[in-house]
Amino acid sequence: MSNQIKIPRGTQDILPGDSEKWQLIETKARELCERYQYREIRTPIFEHTDLFQRGVGDTTDIVQKEMYTFTDRGGRSLTLRPEGTAAAVRSFVEHKMFGNPNQPVKLYYIGPMFRYERPQAGRFRQFVQFGVEAMGSADPAIDAEVISLALRLYQELGLKKLKLVINSLGDKISRTAHREALVTHFSPRIGEFCTDCQNRLEKNPMRILDCKADRDHELMRSAPSIIDYLTDDSRNYFNKVTTFLTDMGIEFEVDANLVRGLDYYNHTAFEIMSNAEGFGAITTLCGGGRYNGLVEEIGGPETPGIGFALSVERLIAALEAEGAELPVKEEIDCYLVSLGDEAKDYTVGLLHQLRMAGFSAERDYLDRKIKAQFKAADRVNAKYVAVLGENELKEKKINLKSMADGVQIEVPLESFIEKFKEICR
Ligand code: HAM
């Protein structure tokens with residue numbers, strides 16, 4: 001065991017017992033997407049590095065510090081995807097989905113993303129994002145739809161302590177005006193800020209507002225707020241989104257400092273946080289927003305877009321913090337217990353027939369004594385245990401016991417499957 005190889009830092013194995021929870025969450029996400037009419041897209045795990053540099057943005061932490069970038073044997077620079085939006089947009093452009101008769105194009109994805117971040121509770125280097133992207137509509141109703149979809153997923157899985165935070169990052173004109181105000185505000189004392197912020201001042205001053213290192217600096221609190229720089233159009237757009245949310249009975253909080261960590265956003269930006277006690281330092285469960293310039297940036301025609309992504313890891317952590325149990329069903333229809341070599345061999349065929357008929361079924365493979373076989377049946381939560389002993393085999397019968405009420409019946413072996421269908425369905 002001395003030269004045992006361990007799992008890489010920031011990754012995790014999802015073992016049986018837990019993987020069922022993941023499946024349930026994925027099933028629920030897919031079912032919701034069906035209701036909201038989003039269709040699945042599957043893109044590669046790696047993309048050309050340029051895609052993220054252009055899509056996510058050169059000045060973001062993701063591109064500057066967190067990407068898993070490698071050169072392949074053909075000398076190309078490739079990157080394990082740190083998020084799903086850039087890839088969905090690339091695919092949208094590549095497959096000319098802007099020409100689809102069905103507009104807007106509504107996509108969803110579930111899959112692993114990779115970021116070289118410092119691992120801690122709720123933060124992994126490989127994590128699974130569920131995300132949706134709606135491209136081709138600038139209707140604020142779709143912003144509200146996307147937000148409500150994300151919330152529904154959490155709610156239908158049993159989360160209650162949720163907080164929706166929303167902001168508008170405005171359009172180009174709003175942002176240019178806000179940008180100038182930020183530069184004027186921070187410039188005189190930028191020397192008191194971290195080197196990242198000093199670089200951000202020129203390239204992307206809005207990102208200073210999102211800095212964790214300088215969060216408590218007094219200039220942060222007095223910084224100019226984007227809300228004061230919104231154009232009438234942007235303000236009207238934002239008002240529409242919030243009105244639609246209210247119409248849907250969705251509560252929210254407006255936070256003018258919510259800027260998000262990726263460059264492509266404008267207009268609506270939102271995050272869903274957990275309010276659960278003991279959830280830990282990272283409370284953001286889900287993030288998203290509008291990205292009206294991104295399709296053009298990736299080489300497509302001018303197309304508005306909006307989406308969100310959330311990680312299954314943080315969703316599960318929030319469920320645990322709230323003590324919400326997922327209704328994971330861990331039981332099987334029938335466990336075959338046998339006594340004697342002949343009966344034991346006979347159960348091979350019987351087990352096969354049960355499974356062919358669509359039942360989940362199991363038998364002993366370790367030559368266990370009858371008592372241990374019953375214990376094994378208990379461990380897998382068998383609804384029924386069918387017992388085949390030497391005598392039963394001679395008399396061509398099998399004993400079927402319902403574990404829920406202990407009732408036992410004898411069934412002729414030849415009609416066992418038919419009978420089982422009757423009682424187990
Ligand atoms: P993001 O805020 O970078 O946005 O990530 C979205 C969500 O992914 C986070 O709220 C969190 O649940 C999860 N997440 C991010 N990093 C980690 C990590 N290291 N470990 C565990 N979970 C993590 C995006 O990725 C955008 N693409 C969202 C979007 C879609 N905007 C528009 N469309």
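Just so you know, all these numbers are worked out from the coordinates, no wet-lab data involved. From a predicted model like this one, the values you see are computed outputs, not experimental measurements. When we count neighbours, we look across all protein chains shown, and the Cβ atoms used for this are built from the backbone with ideal geometry, even at glycine.
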For Val337, Val165, ascending order of other Cβ atoms within 10 Å (fewest first) is Val165, Val337
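Can I get the semi-axes of segment 192-339's equivalent ellipsoid? Compute them from the C-alpha gyration tensor as square roots of 5 times the eigenvalues, in angstrom, largest first. Show your work: numbers first, answer last.
On the way: eigenvalues 295, 96, 63 Å².
Equivalent ellipsoid of segment 192-339: 38, 22, 18 Å, largest first.
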So if the hydrodynamic radius of segment 284-396 is defined as the Kirkwood radius over C-alpha pairs, what does Stokes-Einstein give as its diffusion coefficient at 37 °C and 0.692 mPa s, in µm² per second? 176
Can you count the Lys pairs in segment 370-418 whose Cα atoms are under 15 Å apart, with each pair 8 or more apart or on different chains? 4
Looking at the chain only, what percent of DSSP beta bridges run antiparallel? Nearest 5 please. 80
Could you calculate, for segment 102-240, the ratio of the Cα radius of gyration to the Kirkwood radius, expressed as Rg to Rh? 1.01
Please get the size of the charge dipole for segment 322-394, origin at its Cα centre, with Cβ charges of +1 on Lys and Arg and -1 on Asp and Glu, quoted in debye to the nearest 20. 140
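Which of the peptides 222-235, 347-360 is most tightly packed, and how do the rest follow, going by the mean number of other Cβ atoms within 10 Å of each residue? Intermediate values should be presented prior to the final figure.
Working: 222-235: 16.9, 347-360: 15.0.
The peptides rank, most packed first, as 222-235, 347-360.
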How large is Rg/Rh for segment 54-104, to two decimals, with Cα atoms and a Kirkwood Rh? 1.09
If the cut-off is a Cα-Cα distance under 17 Å, which lysines reach Lys369, setting aside same-chain residues fewer than 8 apart in sequence? Lys344
Given a cut-off of under 8 Å on Cα pairs at least six residues apart, what relative contact order in percent is computed for segment 1-123? 30
From zero outward in steps of 10 Å, how is the percent of C-alpha pairs of the chain spread across the bins? 4, 18, 24, 20, 13, 10, 7, 3, 1, 0
Compute log10 of I(q)/I(0) for segment 1-136 with the Debye formula, placing one identical point scatterer on every Cα and leaving out solvent, at q = 0.12 Å⁻¹, to two decimals. -0.59
Nearest 20 debye, what's the magnitude of the dipole of the chain about its Cα centre given +1 on Lys and Arg Cβ and -1 on Asp and Glu Cβ? 620
Which log10 I(q)/I(0) values, to two decimals, does segment 114-162 give at q = 0.13 Å⁻¹ under the Debye formula with one point per Cα? -0.50
For a distance above 18 Å, tell me the whole-number percent of Cα pairs in segment 369-425 that qualify. 34
